[in-house]
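Chemist: Below you'll find the structure I mean.
The values are calculated or read from the model by the stated rules, or taken from the named source; none is laboratory data. Every value quoted in this text rests on a predicted model; they were computed, and no experiment measured them. Cβ sites come from the backbone with ideal geometry, for glycine too, and all protein chains shown count toward neighbours.
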Amino acid sequence: MGMYNNIQLQIHPHSEMWDWWNSLGLGWLAILLGIIGWILITGSALYISHFMHKDAIKRNIPYPEIWLLGGLIFNVFGLIVYLINRGNYKFRKDT
């Protein structure tokens, strides 16, 4: 225990910003905005990957699960790559 007696708390250099939010009573707002942002990013990734997977199945693209993972991981960038590449495959009209 003797070696831990002289440990002091170090303040983060940007802690003044958080203190400013808390002094206005807006600390809860920063947390809420972070949660809403996370929900929007996760929701858009799920929606984009679902669209890419269903469209890949309709176009009879081999391995549509790869596009599903691409949508989940790369989100909008994966969608752009998919939209460029999907013109190489014909649309199946029977479904």
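Chemist: Just name the residue that is surrounded by the most Cβ atoms within 10 Å (Cβ to Cβ) out of those in the range 20-67 that are among the basic types (K, R) and either in a helix (DSSP H, G or I) or within 16 Å of the chain's Cα centre (by Cα) (or both).
Modeler: Checked the range 20-67; the qualifying residue surrounded by the most Cβ atoms within 10 Å (Cβ to Cβ) is K58.
Chemist: Now a separate question. Out of all the residues in the range 41-78, which are of a type in the set (D, E) and within 16 Å of F91 (Cα to Cα)?
Modeler: Result: D55, single match.
Chemist: I would also like to ask the following. Of the residues in the range 22-51, how many are of a type in the set (S, T, N, Q) and over 29 Å from L79 (Cα atoms)?
Modeler: Selection size over the range 22-51: 2.
Chemist: Condition first: within 22 Å of the chain's Cα centre (by Cα) and either modelled with pLDDT of 95 or more or of a type in the set (S, T, Y) (or both). Now tell me which residues in the range 82-95 satisfy that.
Modeler: Passing the criteria: only Y82.
Chemist: H53 is checked against (1) in contact with a helix residue (DSSP H, G or I) (Cβ under 8 Å, 6 or more places away or on another chain); (2) without any contact (Cβ under 8 Å) to a residue 12 or more places away in the chain; (3) of a type outside the set (D, E); (4) within 19 Å of N85 (Cα to Cα) and fails just one. What number does that condition carry?
Modeler: Every listed condition holds for H53 apart from (2).
Chemist: Continuing with the same structure: Y4 - would you say it is surrounded by 13 or more Cβ atoms within 10 Å (Cβ to Cβ), of a type in the set (S, T, Y) and either touching a Ser or Thr at 6+ places or on another chain (Cβ under 8 Å) or modelled with pLDDT under 90 (or both)?
Modeler: No: the conditions fail for Y4.
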